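S.K.: Let me give you the structure first, and then I'll get to my questions.
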Amino acid sequence: NDFEPYTDSDINKISSLLKHCHIQWSKVPRTYVVLRTIGHLNFLNDLIEAGFSDYWFPVTEPSLPHCLRPSVRTAFVNAQSIVLTKSMDLERGEKGTHCYFQKEELPPFERKRILGQGGFGQVDQVMSQISFKEYARKRVLRSSAFRSRRKEDVKKFITEIEILKRLKHHHVVEFVGSYTDAKYIGLIMSPVAEMDLAAYLARANTSHHHELRTFFGCLASAIEFLHEHKVRHKDVKPHNILVNHGNVLFTDFGLSLDFTDANGSTTVSMVNGMTRRYCAPEVALEEPRNTKSDIWSLGVVFMEMIVVLKSKPTLYMDEFFTTHGTTQPFIRTNLAALPEFIVELEGMGDVADNRALDWTQKMLSEEQQYRPTASSLVASITEGEGIRFCGICCVSSEEDFSDWTEE
């Protein structure tokens, strides 16, 4: 068509102007522009009533609501290219592309509240001004993420994000979209969780124990999924595990895909970021590390979960390690105290929970080769009465019905 295309800035200005006369119209500025351009603005309320929104773009004639006449449908589809701005790609997941915003351009998100912040960036709860869905947005300063400022590094990072967008798993956060502006790299993720595992463990009491037990299998299943897709987490810890309505999800994973071999995906490059309490011995020493390093970190998380199942706060583990063995506070730096700590836990609480100590102790083997793979860990957790330690979502259909017989 011969119509002049609009920019994201144009669309934002139109939306702002419409707020003064019609709030509902301001939420569908692209639809407003197309209908006005083709001379059929009289259909706007009908489209809104039918549930149509700017998130529907791009559309085909059959996908448009039936309130539009065939001739209007044709005109609408032919004119829609004028409002297909780059922002439209931000919520398309693997079907979308990374967006680049210039200095004067603003990504289409309204910040609702801060969810967390750390050394590399900040996480906000945001609302899309296109779909009006709520997301978690992680913004990382470009100057922090890419100190070398090499274009190759930025391109590699964006390629990694595109890979992560294709990952779909019940216990892995969804990468919805990504963008770069003059100051930040932004990652759009779903869902906005209620809390992280650290907060959950701090609040948990005996009424949470049944749910908490299922987290073992679900988290192991998620790590198995990531490793099968050649993605290492690299920073497994409670703050990077979200809890949302009883579901656990890994977040902040895989943004440095430096795999170098097919077996354990070993790398010897420098560590971008690590958490001393949870990182594996080889990571702390900057030695070759692989998927088994994730297994160690998850083992430390599992140990904290077991402590809570034994009706103790996670601080109990710190207190024990600082008064036993080498008196160092971390398992990694005080392996001498670990066997005694396990014996201590075995004598507490529900004896049936001691099964979790068996696989967790193996996960915390100092030598990588003695730690289980994610697949063998899942098998250990789900064998026998594994349903105690695994959500129904992660029990295979064969296990679900293997003992059923037709009556």
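The values are calculated or read from the model by the stated rules, or taken from the named source; none is laboratory data. Treat the numbers as computed from the prediction; the structure is a model and nothing was measured. Methodologically, a virtual Cβ is constructed for each residue, glycine included, from the backbone with ideal geometry; neighbour enumeration extends over all protein chains shown.
S.K.: Here's a check for you: in the range 1-32, which residue that is of a type outside the set (Val, Ile, Thr) and in contact with a Pro (Cβ under 8 Å, 6 or more places away or on another chain) is nearest to Lys103 (Cα to Cα)?
M.R.: Just the residues of the range 1-32 that are of a type outside the set (Val, Ile, Thr), to begin with: 1-6, 8-10, 12-13, 15-22, 24-27, 29-30, 32.
From what's left, in contact with a Pro (Cβ under 8 Å, 6 or more places away or on another chain): 8, 12, 15, 18.
Working: Asp8: 13, Asn12: 15, Ser15: 20, Leu18: 25 Å.
Within the range 1-32, the match that is nearest to Lys103 (Cα to Cα) is Asp8.
S.K.: Inspect the range 77-99 for any residue being assigned to a strand (DSSP E or B) and not hydroxyl-bearing (Ser, Thr, Tyr) and give the result as yes or no.
M.R.: Step one: of the range 77-99, the residues assigned to a strand (DSSP E or B) are 99.
Remaining after also requiring not hydroxyl-bearing (Ser, Thr, Tyr): 99.
Among the residues of the range 77-99, at least one is assigned to a strand (DSSP E or B) and not hydroxyl-bearing (Ser, Thr, Tyr), which makes the answer yes.
S.K.: Among the residues of the range 97-122, which ones are of a type outside the set (S, T, N, Q), more than 23 Å from Ile14 (Cα to Cα) and modelled with pLDDT under 90? Outline the logic, then answer.
M.R.: Filtering the range 97-122 for residues of a type outside the set (S, T, N, Q) gives 98-101, 103-116, 118-121.
Those still in the list that are more than 23 Å from Ile14 (Cα to Cα) too: 98, 113-116, 118-121.
The answer is Leu115, Gly116, Gly118, Gly119, Phe120, Gly121.
S.K.: Moving on. Quick one: would you say Thr327 is assigned by TED's automatic domain parsing to the domain that holds Asn290, farther than 21 Å from Val308 by Cα and not basic (Lys, Arg)?
M.R.: Working: assigned by TED's automatic domain parsing to the domain that holds Asn290: yes; farther than 21 Å from Val308 by Cα: yes; not basic (Lys, Arg): yes.
It is true that Thr327 is assigned by TED's automatic domain parsing to the domain that holds Asn290, farther than 21 Å from Val308 by Cα and not basic (Lys, Arg).
S.K.: Related question: Can you name the residue in the range 349-374 that is surrounded by fewer than 19 Cβ atoms within 10 Å (Cβ to Cβ) and β-branched (Val, Ile, Thr) and is also modelled with the highest pLDDT among such residues?
M.R.: Among those that are surrounded by fewer than 19 Cβ atoms within 10 Å (Cβ to Cβ) and β-branched (Val, Ile, Thr), it is Thr373.
S.K.: Which count do you get for residues in the range 270-299 that are in a loop (DSSP other than H, G, I, E, B), at pLDDT 50 or above and among the aliphatic types (A, V, I, L, M)?
M.R.: Taking the range 270-299 as the starting set, the residues that turn out to be in a loop (DSSP other than H, G, I, E, B) are 270-280, 285-288, 290.
Imposing the further condition that a residue be at pLDDT 50 or above reduces the set to 273-280, 285-288, 290.
Of the ones still in play, those that are also among the aliphatic types (A, V, I, L, M) are 274, 280, 285.
Here the count works out to 3.
S.K.: Mind listing whichever residues of the range 347-388 are of a type in the set (Lys, Arg), part of a helix (DSSP H, G or I) and under 22 Å from Ser297 (Cα atoms)? Show your work before the answer.
M.R.: The first filter runs over the range 347-388 and keeps only residues of a type in the set (Lys, Arg), leaving 355, 362, 371, 388.
Add one more test, that the residue is part of a helix (DSSP H, G or I), and what stays is 355, 362, 388.
If the condition is that a residue be of a type in the set (Lys, Arg), part of a helix (DSSP H, G or I) and under 22 Å from Ser297 (Cα atoms), then Arg355, Lys362 are the ones that fit.
For every residue, the table says whether it meets (1) farther than 15 Å from Val173 by Cβ; (2) modelled with pLDDT of 90 or more.
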position	(1), (2)
Ala193	no, yes
Ile241	no, yes
Gly246	yes, yes
Asn263	yes, no
Val268	yes, no
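S.K.: Could you please give the count of residues in the range 54-76 that are assigned to a loop (DSSP other than H, G, I, E, B) and not aromatic (Phe, Trp, Tyr)? Don't jump to the end; show me each part of the working.
M.R.: So the first thing to find is which residues in the range 54-76 are assigned to a loop (DSSP other than H, G, I, E, B), and the list is 57-69.
If we keep only those that are not aromatic (Phe, Trp, Tyr) as well, we get 58-69.
Within the range 54-76, residues that are assigned to a loop (DSSP other than H, G, I, E, B) and not aromatic (Phe, Trp, Tyr) number 12.
So that you can scan it fast, the table gives a plain yes or no per residue for (1) of a type outside the set (D, E, K, R); (2) part of a helix (DSSP H, G or I); (3) surrounded by 23 or more Cβ atoms within 10 Å (Cβ to Cβ); (4) touching a Pro at 6+ places or on another chain (Cβ under 7 Å):
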{"site": "Ile161", "(1), (2), (3), (4)": "yes, yes, no, no"}
{"site": "Met189", "(1), (2), (3), (4)": "yes, no, no, no"}
{"site": "Ala198", "(1), (2), (3), (4)": "yes, yes, no, yes"}
{"site": "Val231", "(1), (2), (3), (4)": "yes, no, yes, no"}
{"site": "Lys234", "(1), (2), (3), (4)": "no, no, yes, no"}
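S.K.: Okay, moving on. Can you pull out the residues in the range 394-407 that are more than 25 Å from Trp296 (Cβ to Cβ) and either modelled with pLDDT of 95 or more or assigned to a helix (DSSP H, G or I) (or both)? Working first, answer last.
M.R.: Of the residues in the range 394-407, the ones more than 25 Å from Trp296 (Cβ to Cβ) are 395-407.
Ser397, Glu398, Glu399, Asp400, Phe401 - these are the residues of the range 394-407 that are more than 25 Å from Trp296 (Cβ to Cβ) and either modelled with pLDDT of 95 or more or assigned to a helix (DSSP H, G or I) (or both).
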